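Undergrad: Sharing a structure below in structure tokens format, with a few things to ask.
Every number in this text was worked out from the coordinates using simple rules, so none of it is lab data. Here the structure is a predicted model, which means the values were calculated and not measured. With ideal geometry, Cβ positions are generated from the backbone for all residues, glycine too; neighbour counts draw on all protein chains shown.
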Amino acid sequence: MEESAIKIETIDAYISRYDRDIQAILQEFRRVIKEEAPDATEKISYQMPTFYQNGNLVHFAVQKNHIGFYPAPSGVAAFKEELTDYKTSKGAIQFPLTKPIPYEIVRRIVRFRVEEAKQKKKQSKK
């Protein structure tokens, strides 16, 4: 069966598909996100590990030469100055596999997205 045709249902299953070096990076991504977003639930969305809290909070995924981190357009825009060393697009950041992952930036972006989710929830109650 072609790899893209395999339906992944858990983050553990997603991570287990990769070699140990990549697994270690993905587990650290997961750990950092869980620390900053303890109320978020884990799921697979768009075939990527996703953390959900009043909507999709962040996603991450392995690509050929990088780890894609998807904190929504607001998460990229708010940290634009800190992300100048990385390729970014409207809602994505590419962390090359040839460089150390800047987990402290990931941590701050997740914290920012959690605050946005909390504000979204407050707004929806009005």
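Undergrad: Listed here are the pairs K64/K120; K34/K122; K7/K99; K99/K120; K7/K64; which of them are more than 25 Å apart at the Cα?
TA: Violating the 25 Å Cα-Cα cut-off are K64/K120; K7/K99; K99/K120.
Undergrad: Quickly rank 60-70, 77-87 as a protection proxy: mean count of other C-beta atoms within 10 Å, highest first.
TA: 60-70, 77-87
Undergrad: Something else now. Considering only DSSP states other than H, G, I, E and B, which GluC sites (Glu not before Pro) in segment 1-74 qualify as loop sites with at most 13 other Cβ atoms within 10 Å?
TA: Working: sites: E2, E3, E9, E28, E35, E36, E42; in loops: E2, E9.
Passing both the DSSP loop test and the Cβ count: E2, E9.
Undergrad: Quick one: K90, K118, fewest Cβ neighbours within 10 Å first, how do they rank?
TA: Starting with the residue having the fewest Cβ neighbours, the order is K90, K118.
Undergrad: With the radius of gyration and the Kirkwood radius both derived from the Cα set of the chain, what is their ratio Rg to Rh?
TA: Answer for the chain: 0.97.
Undergrad: Taking neighbour counts of Cβ atoms within 10 Å as a proxy for exposure, in what order, fewest first, do T98, T50, T88, T41 appear? Provide the component values of the computation, followed by the final result.
TA: Numbers: T98 7, T50 22, T88 15, T41 10.
Exposure proxy ranking, most exposed first: T98, T41, T88, T50.
Undergrad: So, one more: Could you work out how far helix 103-125 tilts from the main Cα principal axis of the chain, as a 0 to 90 degree angle to the nearest 10?
TA: Its long axis makes an angle of about 50 degrees.
Undergrad: Students often get this wrong: which residues of segment 87-120 have the backbone nitrogen under 16 Å from the point 7 angstrom along Cα-to-C-beta of D39?
TA: Backbone N within reach: 110-120.
Undergrad: Label K80 and K122 with points 7 Å out from Cα along Cα→Cβ: what is the distance between them in nm?
TA: With each label placed 7 Å out from Cα toward Cβ, I get 2.5 nm.
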